[in-house]
Amino acid sequence: MAVSSIQMLGGLRPPRVSLIAQARVPFTSSGSVEYALGPLTEGFVASRISMSRIRATVGEDGLRTDDDSMHNNVDDNQVGKQPERDFSGTPYVPVYVMLPLGVVDMNCELVDQEGLRNQLMILKSVNVDGVMLDCWWGIVERHTPQVYNWSGYKRLFQIVRELGLKIQVVLSFHECGGNVGDDVHIPLPQWVREIAESNPDIYFTDREGKRNSECLTWGIDKERVLKGRTAVEVYFDYMRSFRVEFDEFFVDGIISEIEVGLGPCGELRYPSYPAKHGWRYPGIGEFQCYDKYLMKSLSKAAEVRGHTFWARGPDNAGSYNSMPHDTGFFRDGGDYDSYYGRFFLNWYSQVLVDHGDRVLALANLAFEETSIAAKLSGIHWWYKTASHAAELTAGFYNPANRDGYAPIVVMLKKHEAAMNFTCVELRTLDQNEDFPEALADPEGLVWQVLNAAWDASIPVASENALACYDREGYNKILENAKPRNDPDGRHLSVFTYLRLGPTLMERDNFSEFERFVKRMHGEAVSDLQS
C-alpha cells in the first residue's frame, strides 16, 4: 500500500468492530441512515468470509477475481450472524450465468462444443433462466472494416436455443485481457490497431501521455478517423449486422436483452484504473482526457465558459496509486470543489453521459422492441471521503454534496435502457477488515445507485463483482435483489452470476448455487438457518 492505515488515520486505527460509518450505510434492509455516527451495532456486524474469498484483485471487469481457490469457507467465529430470510413467495428474479471469456476463439469458432453443452444442460437442470455472452468486436470484425464473422456465435446460439435457455448478449467494444484472472486475450480489431499506429490519439490517454488500448476514446465518437467512419458509426454498423444475422433468435424470443458496451470492461466509465499502467487497489486512478480530441473538447468548453486558461486537466490530482488526502485536488477542501474543479468535473462527467446517450440512441434504432441495457461499475473505494476520488476519475461526479448518478439515470430513462450494476454481494465491513485505508463502502454505493434507478422507474439488473460460492455472499445478493419491507415491492429485474467454470461445478458449490437460484425465483428451501 502507498500509505498505511495508521498513517492515513493520523495514527489512530479504529477497533475492528467499531468502525465509524461516514456515508450512506444501510443499517437495515428497510432504510438507511445518512452519515450515521457512532459504532456499528452488533446486529449489523457481518461475519467475515475467509481471507482468500475477499482479497480484491483486478479481473476483466474491474475489481474481481475468478480465483479457483475461493470456495465456500466461512470463518467459525462468526459475529452477529443474521437469520436467513424466507424468500418463498417473493417476486421471481431471473438468474443468468456468464459464459467463459474464451468460449469462442479468435477465429470465431466455438471451443469445446460438447463440454459446453453438458455444462449448459446442468444449468438448465436447476432452472437457470439463461446465459450471458460477450460478442467481441475484436473477433467478429477482426481483419477488415464491415466484414463480420459471426459463425461461432451462431452455433452457440443454436445450442442455447435447443436447451430452452435464453441469452443476454453483450456487444463488447473493448479489449479483453491484461488483468489478473484473465485467461484469454482479445484485442481490438486488427484494422483499428493499425490506425492507432499512426494516430494513437484514438485511445484514451493519461496526463503522462500513456495510451490505453482497452477501448476507443469518446473524443472520436463524431470524428471520421476510422477509415471514413466515426466511432459511433462503427458501433452502429456492428449492431445492425448482429441484428440482421441473428434475426431468427430475436423473433423466437431467445435473445432477452442486449447490453451495449460503452467503455472499458463494457462499462460506462473512463479507464481510470488500468492494471497495465501500474494501478493497484485502492489507488484513486487518473483522469483520462489527454488525447487530442478530448483536449479539443475541453478547450471549447473553457472558451464557452469564458476562461480559456481552464482548458487543462488538474495538475495536482496525484497519480494512479495516490490517496485522496495526499493530493491538492481530492483532499478535503481541495480543488475538486473550486470553481475550476467544478467546471472540469462537470465537463469530464458530461462527456461520459453524452457518449452513453449517442450509442444507446443508435442501439434503440438497431434493436427495436428489444430490451437494451448499460453496465455501470461499482467503484466503492474512497466512498466514505468527501471527494469520492476514485469515482471522479472514472467519470462519476459523485462527491458527498452531489448525486453523480442522477444524470446517468436520466439518460438511461430517456432511452428506456436498463441499468446493470455490480458489487451487490460485497459487504462494507469485509472491505474495512482487509483494506481499512480504502474507506470503501460498497453497501452505501449500492444503496445510492439502485434507489436512484428505481426512483426513476428504470429496470435494475445486477451481477456479482467477485467470485461467489458461499451462502453469506448469496444472502447478501438476495437482500439487495429483494429489499426487505419495501412498500413499493421493488426488486432486481434480473441477476447475472459471474461465472460458469470448474469451481462452480464442484458438488458443494453447485448445490449452494442451486439453492440460491430457488430463492431468487421465490421458491421455498427447507434448510433455512435461524
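The values are calculated or read from the model by the stated rules, or taken from the named source; none is laboratory data. Bear in mind that the values here come from a model prediction, so they are computed numbers and not experimental data. With ideal geometry, Cβ positions are generated from the backbone for all residues, glycine too; neighbour counts draw on all protein chains shown. Side chains are part of the model used for accessible areas, which takes the heavy atoms of the whole protein and leaves out ligands, DNA and RNA. Shrake-Rupley method; radii C 1.70, N 1.55, O 1.52, S 1.80 Å.
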> lysines near LYS276 by alpha-carbon distance under 21 Å, same-chain residues fewer than 8 away left out - which ones?
Replying inline: LYS210
> Using the alpha-carbon centroid of each, what span in Å lies between the range 425-488 and the range 118-171?
Replying inline: 28
>> Taking the solvent-accessible surface of protein heavy atoms with a 1.4 Å probe, what is the per residue accessible area of the range 462-530 in Å²?
In response: 37
> From the square roots a ≥ b ≥ c of the eigenvalues of the alpha-carbon gyration tensor of the range 271-311, which class results: rounded (a/c under 1.5), prolate (a/b over b/c), or oblate?
Replying inline: prolate
>> Over the range 285-428, with the other protein chains present, what is the accessible area per residue in square angstrom, probe 1.4 angstrom?
In response: 35
> Round to a whole number: what % of the accessible area of the range 381-530 belongs to carbon and sulfur, probe 1.4 Å?
Replying inline: 48
> LYS482: which lysines have alpha carbons under 24 Å from its alpha carbon, excluding same-chain residues fewer than 8 sequence positions away?
Replying inline: LYS81, LYS124, LYS166, LYS375, LYS413, LYS518
>> For LYS227, give me every one of the aspartates and glutamates with a C-alpha distance below 18 angstrom, ignoring sequence neighbours fewer than eight places off in its own chain.
In response: GLU141, GLU194, GLU197, ASP201, ASP237
>> Taking all protein chains in place and a 1.4 Å probe, what share, in percent, of the accessible surface of the range 162-228 do carbon and sulfur account for?
In response: 44
> Counting other Cβ atoms within 10 Å of each Cβ, which trypsin sites (Lys or Arg not before Pro) in the range 431-530 have at most 13 and sit in a DSSP loop?
Replying inline: ARG484
> Taking only protein heavy atoms and a 1.4 Å probe, what accessible area per residue, in Å², does the range 90-244 have with all protein chains in place?
Replying inline: 38
> Going from most exposed to least, what order do GLU506, GLU259 have by accessible area with a 1.4 Å probe?
Replying inline: GLU506, GLU259
> Hey, if we sort SER387, SER299 by accessible area with the 1.4 Å probe, largest down, what's the order?
Replying inline: SER299, SER387
> Considering only DSSP states other than H, G, I, E and B, which GluC sites (Glu not before Pro) in the range 407-445 qualify as loop sites with at most 16 other Cβ atoms within 10 Å?
Replying inline: GLU416
>> Students sometimes get this wrong: rank GLU114, GLU197, GLU286 by accessible area, probe 1.4 Å, all chains present, largest first.
In response: GLU197, GLU114, GLU286
